[in-house]
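J.: Got a structure for you, written out below as structure tokens; questions coming shortly.
What follows is calculated from the coordinates using simple rules that are stated; it is not laboratory data. Not measured: the values here are computed from a predicted model. Neighbour counts run over all protein chains shown; Cβ positions are idealised from the backbone, glycine included.
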Amino acid sequence: MSVDDFKHRGRRKMLVDLLRSKGIEDENVLEAINLVPRHLFLDSAFTEFAYRDEAFPIAAGQTISHPFTVAFQTQLLDIQPNEKILEIGTGSGYQTAVLVALGVEVFTIERQKDLFDFSKIMLKKINFEPRYQTYGDGYKGLPSFAPFDKIIVTAGAPEIPEELKKQLNIGGIMVIPVGEQSQRMIVIMRLSEDQFEHYEFGDFKFVPMLESRDK
């Protein structure tokens with residue numbers, strides 16, 4: 001049963017205060033974090049710790065990111081109402097739900113079948129469904145739905161996938177962690193058909209972005 005009670009809401013409020021103290025300034029992002037019941041995306045063994053700023057293991061050897069990382073990446077996207085967002089790596093669905101809570105059209109891809117199945121059920125159950133959710137290869141993006149105003153990648157890519165850059169609107173932003181063992185958070189702005197600017201925002205550690213999809 002999906003329970004979100006006063007205790008959980010109180011802990012979310014404390015988490016929001018913590019994220020604000022760590023430098024998250026976008027009040028819309030903080031409100032989205034406050035709305036999404038993170039404990040429902042975790043194994044029941046971790047429910048009591050869901051509102052700590054920690055990563056936890058989920059299915060298929062993956063992790064649910066630190067709330068700070070989710071908030072930081074989302075803040076870098078500079079999301080505006082009704083934008084069209086591509087998320088690479090649905091994972092548990094927590095980041096997806098935060099994006100949906102911001103009032104945007106979310107298109108999301110997951111390559112691990114277990115995670116795809118779990119997130120699809122959970123996001124529907126708690127009424128944070130994206131516009132489109134699919135099981136497939138994130139490196140390829142979703143060309144049939146492109147272009148996107150913003151793209152967020154939630155796994156560490158060894159390099160920036162050219163195919164994703166092509167699917168970004170002119171004036172659009174992509175946020176992607178790039179590197180092998182640890183990653184630099186990169187913001188890419190598309191200035192014209194063939195001109196991009198890159199900015200770096202510190203070191204993070206993500207699970208690796210994998211090609212194709214599991215069987």
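J.: With axes computed from alpha carbons, what is the tilt in degrees of helix 113-125 against the longest principal axis of the chain, rounded to the nearest 10 within 0 to 90?
T.: That works out to roughly 60 degrees.
J.: Mind giving me the nanometre distance, one decimal, between the label points for residue 203 and residue 22, set 7 Å out from Cα along Cα→Cβ?
T.: 1.7 nm
J.: Would you pull out the residues with amide H under 5 Å of residue 83's amide H, same chain only if 5 or more places away, H placed 1.01 Å from N?
T.: 105
J.: Next question, about the same structure. Could you go through the range 56-62 in sequence order and give the Karplus-derived ³J(HN,Hα) for each residue, using 6.51 cos²θ - 1.76 cosθ + 1.60 with θ = phi - 60°, rounded to whole Hz, and x for Gly and Pro?
T.: 9, x, 10, 5, 6, x, 9
J.: Could you give me the percent of Cα pairs per 5 Å distance bin for the range 114-189, shortest bin first, beginning at zero and ending with the bin that holds the maximum distance?
T.: 3, 14, 22, 20, 19, 15, 6, 0
J.: Using helices alone, I'd like the mean residue ellipticity at 222 nm for the chain: each DSSP H run of four-plus residues gives -39500 (n - 2.57), total over residue count, nearest 500.
T.: Values: 6 runs with 61 residues, N = 215.
Here the helix-only value at 222 nm equals -8500 deg cm²/dmol.
J.: How large is ³J(HN,Hα) for each residue in the range 159-176, as worked out from phi by the Karplus curve 6.51 cos²θ - 1.76 cosθ + 1.60 (θ = phi - 60°), to whole Hz, x for Gly and Pro?
T.: Residue by residue, the range 159-176 yields 8, 6, x, 4, 4, 6, 4, 5, 8, 8, 4, 5, x, x, 10, 10, 10, 8 Hz.
J.: Next up: Between the alpha-carbon centers of the range 32-62 and the range 101-172, tell me the distance in whole angstrom.
T.: Distance between centres, Cα-based: 20 Å.
J.: For the range 1-49, which trypsin sites (Lys or Arg not before Pro) are in a loop by DSSP, counting at most 15 other Cβ atoms within 10 Å?
T.: 22
J.: Also, quick follow-up: Could you list the square roots of 5 times each eigenvalue of the Cα gyration tensor of the chain, that is, the equivalent ellipsoid semi-axes, sorted largest first and rounded to whole Å?
T.: Gyration-tensor ellipsoid for the chain: 26, 19, 16 Å.
J.: Which value in nm describes the separation of the simple spin-label points at residue 63 and residue 13, placed 7 Å from the Cα toward the beta carbon?
T.: The answer from the label model is 3.0 nm.
J.: Quick one: net charge of residue 29's neighbours, Cβ under 12 Å, K/R +1, D/E -1?
T.: Residues near residue 29 contribute -4 overall.
J.: Per residue, what volume in Å³ does the Cα convex hull of the range 10-128 take up?
T.: 93 Å³
J.: Please identify, among 80, 195, 62, the residue showing maximal mean-square fluctuation in a Gaussian network model of the chain using a 10 angstrom Cα cutoff.
T.: The residue that fluctuates most here is 195.
J.: Could you check the simple spin-label distance between residue 189 and residue 49, using points 7 Å along Cα→Cβ, in nm with one decimal?
T.: If labels sit at residue 189 and residue 49, their model points lie 3.9 nm apart.
J.: Identify which of 50, 71, 60 has the largest mean-square fluctuation in a Gaussian network model of the chain, with springs joining Cα atoms closer than 10 Å.
T.: The residue that fluctuates most here is 60.
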